[in-house]
Amino acid sequence: MGKLSTLDRFLPVWIIAAMAVGLLLGKFVPGLNTALEAVKIGSVSLPIAIGLLVMMYPVLAKVRYNETGRVLADRKLMITSLIINWVAAPAFMFALAWIFVPDLPEYRTGLIIVGLARCIAMVMIWNDLACGDREAATVLVLINSVFQVFAFGVLGWFYLQVLPGWLGLPTTSADFSFWAITASVLIFLGIPLLAGFLTRTLGEKAKGRDWYEGKFLPKLGPWALYGLLFTIVLLFALQGDAITSKPLDVARIALPLLVYFIVVFTAGMVIGRVLNLGYAKTTTLAFTASGNNFELAIAVAIGTFGVTSGQALAGVVGPLIEVPVLVALVYVALWARKRFFTSQPLSV
């Protein structure tokens with residue numbers, strides 16, 4: 001801990017402070033929501049989009065792209081990630097939604113949408129802080145992105161209409177826009193990924209890897225956390241009134257989310273340990289499985305059901321719970337490395 005910068009060492013404090021500042025701004029600054037929503041990229045506020053891009057770029061500039069081939073060759077990691085992300089995790093969220101909010105169909109639908117939106121952004125931050133495998137995280141995020149474009153609408157139809165019908169439960173009608181999902185992936189992953197790849201390739205070609213990783217990256221790295229904190233402030237400012245005006249509803253939505261993040265992360269760590277993937281890949285597997293693409297979930301909920309809908313509120317509560325919980329799980333992962341992975345190489 002003593003070797004970490006002040007920003008890294010007190011990250012949980014900064015994140016909680018950013019959430020609090022955002023909530024206060026949203027509640028007490030008149031017209032802030034209108035100003036933030038005045039210009040959008042796709043269905044996401046322009047300032048929030050800028051924050052997400054700033055957050056993603058430094059992390060993706062750290063990736064050694066010439067080493068991604070070894071990740072693709074790891075069939076255990078690839079198959080396990082696909083099963084957890086696209087079979088187990090959405091099914092688990094479906095079950096939690098019906099267990100915890102069976103009497104509140106709007107919140108239930110919102111939770112299911114959150115479970116379908118696999119993480120393509122903040123997971124890179126959590127993985128990096130926990131010393132996970134950057135190249136593996138990049139590949140898994142790319143795979144999640146492709147699946148997200150083609151599978152989100154189909155899985156939404158299955159979990160909101162088909163499966164409830166089979167089980168004799170009420171169904172929900174939802175129309176997901178293929179192009180909205182595609183645009184979200186291309187903007188929030190494609191742009192920083194291209195920028196990171198070009199920065200790494202051109203930087204190493206001009207100055208060499210030692211200069212790039214020893215001089216350039218230490219100066220660029222903190223901007224990922226600046227972007228994260230900026231995004232959190234704006235996100236909570238945008239939705240502050242919805243969160244503070246319905247505390248009991250927020251609590252009911254938060255409980256299944258809390259269970260989801262902890263259980264899925266733990267399952268990823270245990271499965272990775274059993275499969276002998278090594279600490280770095282196991283951590284990457286756990287975070288890519290437990291994180292969710294809240295910006296996509298919120299955009300889909302707002303676009304389909306409206307900005308004041310219960311579905312949108314459920315999407316907003318997602319990052320309210322996810323951010324502090326996954327920061328805490330970073331410390332859990334680092335503790336697990338010393339406790340359960342001492343006899344294994346950090347990466348296999």
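The values are calculated or read from the model by the stated rules, or taken from the named source; none is laboratory data. Everything quoted here is computed from the prediction, not taken from an experiment. Here Cβ is always computed from backbone atoms with ideal geometry, including for glycine, and neighbour counts include all displayed protein chains. Ligands, DNA and RNA are excluded from the accessible area calculation, which covers all protein heavy atoms including side chains. Shrake-Rupley method; radii C 1.70, N 1.55, O 1.52, S 1.80 Å.
Quick rundown of the values:
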{"quantity": "Inter-residue pairs, beta-carbon under 6 Å, first touching a residue at least 12 places away in the same chain (Cβ under 8 Å) and in the stretch 46-57, second open to solvent by 10 Å² or more (accessible area, probe 1.4 Å) and not in a helix (DSSP H, G or I), 6+ apart", "calculated": "A49/I41"}
{"quantity": "Pair list, Cβ under 6 Å, 6 or more apart: the stretch 66-80 residue open to solvent by 90 Å² or more (accessible area, probe 1.4 Å), other residue among the aliphatic types (A, V, I, L, M)", "calculated": "K76/L275"}
{"quantity": "Residue within the stretch 250-271 that is over 18 Å from M56 (Cβ atoms) and part of a loop (DSSP other than H, G, I, E, B) present", "calculated": "no"}
{"quantity": "Condition check for A88: without any contact (Cβ under 8 Å) to a residue 24 or more places away in the chain and open to solvent by 10 Å² or more (accessible area, probe 1.4 Å)", "calculated": "no"}
{"quantity": "Some residue of the stretch 61-80 being closer than 26 Å to W179 by Cα, in contact with a helix residue (DSSP H, G or I) (Cβ under 8 Å, 6 or more places away or on another chain) and in a helix (DSSP H, G or I)", "calculated": "no"}
{"quantity": "Sole residue being under 16 Å from V264 (Cβ atoms) and out of contact with any Leu (no Cβ under 7 Å at 6 or more places or on another chain), chosen from W179, W157, W166, W86", "calculated": "W86"}
{"quantity": "Qualifying positions in the stretch 126-138 - surrounded by 24 or more Cβ atoms within 10 Å (Cβ to Cβ) and assigned to a helix (DSSP H, G or I)", "calculated": "W126, N127, A136, A137, T138"}
{"quantity": "Set L193, L235: member being crowded, with 16+ Cβ neighbours inside 10 Å, at negative phi and at pLDDT below 80", "calculated": "L235"}
{"quantity": "Test: A174 is over 30 Å from E67 (Cβ atoms) and not in a helix (DSSP H, G or I)", "calculated": "yes"}
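Residue by residue, here is whether (1) assigned to a helix (DSSP H, G or I); (2) at pLDDT 85 or above; (3) crowded, with 24+ Cβ neighbours inside 10 Å; (4) not aliphatic (A, V, I, L, M) holds:
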residue	(1), (2), (3), (4)
N276	no, yes, no, yes
T282	yes, yes, yes, yes
T288	yes, yes, yes, yes
E295	yes, no, yes, yes
T304	yes, no, no, yes
V307	no, no, no, no
A314	yes, yes, yes, no
V317	yes, no, yes, no
